[in-house]
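Here is the structure we will look at.
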Amino acid sequence: MKMSSGALESLDAFIEKWRASLSEQAQIAFETRMLDDVSGLHSAIADHFAASLGLKSIGANWELLDPSGDEAVPRSAIAAFQEAFAKNMALPGTQWLGESRARECGRDFLGAFDPASRTIVTNRMYFGWHPLTDAQMEWAFIGFDDRAIALLLAVTAD
């Protein structure tokens with residue numbers, strides 16, 4: 001569904017470009033909305049948004065990623081997208097987007113937000129993940145800037 005706000009147009013373009021490819025190996029949820037208040041911790045903003053969508057709260061367990069677009073920095077959002085979408089979550093021997101396209105997907109997601117104020121978090125950390133759903137495997141990213149917020153959630157089919 002197209003959103004009328006100019007702040008959400010780039011998010012609409014992102015999901016229009018990537019939904020089919022991402023949906024080949026997972027169920028994809030993509031939710032956006034305008035963001036009125038960006039005060040507070042990144043984890044509180046992300047958790048409030050996830051809970052408003054009927055997902056589980058994970059509190060401070062949202063992992064803050066580096067939104068610079070540099071895949072070589074620690075906790076890089078681009079590297080996390082590559083890890084999430086290069087290969088199938090449940091069958092790591094199965095190609096999904098591949099490394100290059102997964103990094104492109106991450107760059108497109110980051111590009112949908114104002115670089116001066118964007119924040120990207122994920123529910124997966126190097127030592128495990130914190131589920132938002134009852135699915136056996138999932139990977140979620142929430143991005144926001146001073147205007148809009150979006151959730152990209154991939155879950156394995158039951």
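The values are calculated or read from the model by the stated rules, or taken from the named source; none is laboratory data. None of the values given here were measured: they were computed from a predicted structure. Note that we place each Cβ from the backbone using ideal geometry, even for glycine, and neighbour counts take in every protein chain shown. Heads up: the accessible areas ignore ligands, DNA and RNA and are worked out on the full protein's heavy atoms, side chains in. Shrake-Rupley method; radii C 1.70, N 1.55, O 1.52, S 1.80 Å.
Before moving on, here are some points about what is shown:
- Choice from 79, 102, 135 showing the highest fluctuation, given a GNM over the chain with Cα pairs closer than 10 Å: 135
- Comparing mean-square fluctuations of 59, 111, 69 from a GNM of the chain with C-alpha springs under 10 Å, the top value falls on 59.
- The orientation-averaged shadow of the Cα convex hull for the chain, equal to a quarter of the hull surface, comes to 8.7 nm².
- Helix runs (DSSP H) in the chain reaching 18 Å along axis by Cα, Kyte-Doolittle at least 0.5: none
- Charge tally in the Cβ shell below 11 Å around residue 42, where Lys, Arg are +1 and Asp, Glu are -1, residue 42 excluded: -1
- Percent carbon-and-sulfur accessible area, the stretch 54-112, ignoring ligands, DNA and RNA, probe 1.4 Å: 48 percent
- Based on protein heavy atoms only, the chain ends up with 49 Å² per residue of surface accessible to a 1.4 Å probe.
- q = 0.15, 0.20, 0.21 Å⁻¹: log10 I(q)/I(0) that the Debye formula gives for the stretch 1-91, counting C-alpha atoms only: -0.80, -1.43, -1.50
- By the helix-only formula, in which each DSSP H run with n ≥ 4 contributes -39500 (n - 2.57) and the sum is divided by residues, the chain has a 222 nm mean residue ellipticity of -10500 deg cm²/dmol.
- 3J(HN,Hα) couplings calculated from phi for the stretch 61-74 with the Karplus curve 6.51 cos²θ - 1.76 cosθ + 1.60 (θ = phi - 60°) are, in sequence order, 7, 6, 8, 6, 9, 6, x, 5, x, 8, 6, 8, 7, x Hz; Gly and Pro show x.
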